[in-house]
Amino acid sequence: MRTAILASGRGSNLEALIKASESGSLPIEIVAVGSDQLGAAALERAKEVGISTRVFPVGDYPHRQAQEEDLLIWMRENQVELLLLAGYMRVLGPKFLRQANFPVMNIHPSLLPAFPGLHAQRQALEYGVKVSGCTVHFVDEGLDSGPIILQEAVSVLPGDTEESLAQRILEVEHRLYPEAVRRFVSGKVERTGRRVQILQQEGLE
Ligand code: GRF
């Protein structure tokens, strides 16, 4: 499945997806990596393994929609069949999502619908929850609000800082995102409205 990834920053999830795809455990072909940030480390990670990259700096466009139109043209040129957001720090607009003829997924570092948006780990600590985690979901027009594919819980420990909690969640993210994508590309993900079922060989999980 021809896959594009959008990332704004460090790119550790991008790296996990690249590794899974290179090892053969994830049957996708990552054909393009894009960013809204010129200096994103994620772009370097992609270049190192020979994946074509492109930057779409929002400041270069008169408005957000124009940037997203360019993104879409680039995805069509690359015959993209699946788009994965991996730390892409912008919300994709309704027009983009309507016109995209491929599914879009995202990973978020909380157990949605708790703590959507920025600084999810800080939100979790400030709220005082004992368990947080991460969520892989389809992208819809809202903020981290699309149908949930997979989630995994991570304990919040006494003395946790935003950084220590983020790191513990990140380790799970690196396993969960490739796993969710693997199930999707192998036809095991069935979506009915908001509800997503993961099919096992002998029925439902
Ligand atoms: C991750 O925590 C991800 O869940 C969130 O943004 C962060 C990206 O980290 N959407 P990285 O760039 O993949 O290292």
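Just so it is clear, none of the values below were taken in a lab; they were calculated from the coordinates. On a predicted model such as this, the values are computed, not experimentally measured, just so you know. Cβ atoms come from the backbone with ideal geometry, glycine included; neighbour counts cover every protein chain shown.
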(Q) Yes or no: region 59-79 includes at least one residue that is surrounded by 16 or more Cβ atoms within 10 Å (Cβ to Cβ), within 16 Å of the ligand (Cβ to nearest atom) and not acidic (Asp, Glu). (A) no
**Q.** Selection from region 168-184 of residues that are among the charged types (D, E, K, R) and either within 14 Å of Gly87 (Cα to Cα) or free of Cβ contacts under 8 Å to residues at least 60 places away in the same chain (or both)
**A.** Arg168, Glu171, Glu173, Glu179, Arg183
Q) Does region 125-133 include one or more residues that are away from the ligand (no atom under 14 Å from the Cβ) and in contact with a helix residue (DSSP H, G or I) (Cβ under 8 Å, 6 or more places away or on another chain)? A) yes
(Q) I need the full set of residues from region 159-180 which are more than 14 Å from Val131 (Cα to Cα) and acidic (Asp, Glu), in order please. (A) Glu163, Glu171, Glu173, Glu179
(Q) So Val49 ticks every box in (1) within 22 Å of Val189 (Cα to Cα); (2) within 16 Å of the ligand (Cβ to nearest atom); (3) among the β-branched types (Val, Ile, Thr) but one. Which box is left unticked? (A) (1)
Q.
Can you tell me which condition Glu173 does not meet? The list is (1) under 24 Å from Gly24 (Cα atoms); (2) of a type in the set (D, E, K, R); (3) surrounded by fewer than 16 Cβ atoms within 10 Å (Cβ to Cβ), and all the others hold.
A. (3)
Q: Would you point out which residue out of Glu141, Glu163 is in contact (Cβ under 8 Å) with a residue 40 or more places away in the chain and of a type in the set (D, E, K, R)?
A: Glu141
Q) Is there any pair linking a residue in region 48-60 that is touching a residue at least 12 places away in the same chain (Cβ under 8 Å) to one that is among the charged types (D, E, K, R), with Cβ under 7 Å and at least six apart or on different chains, and which? A) Thr53/Lys47; Phe56/Asp36; Phe56/Asp70; Pro57/Asp36; Val58/Asp36; Val58/Arg64
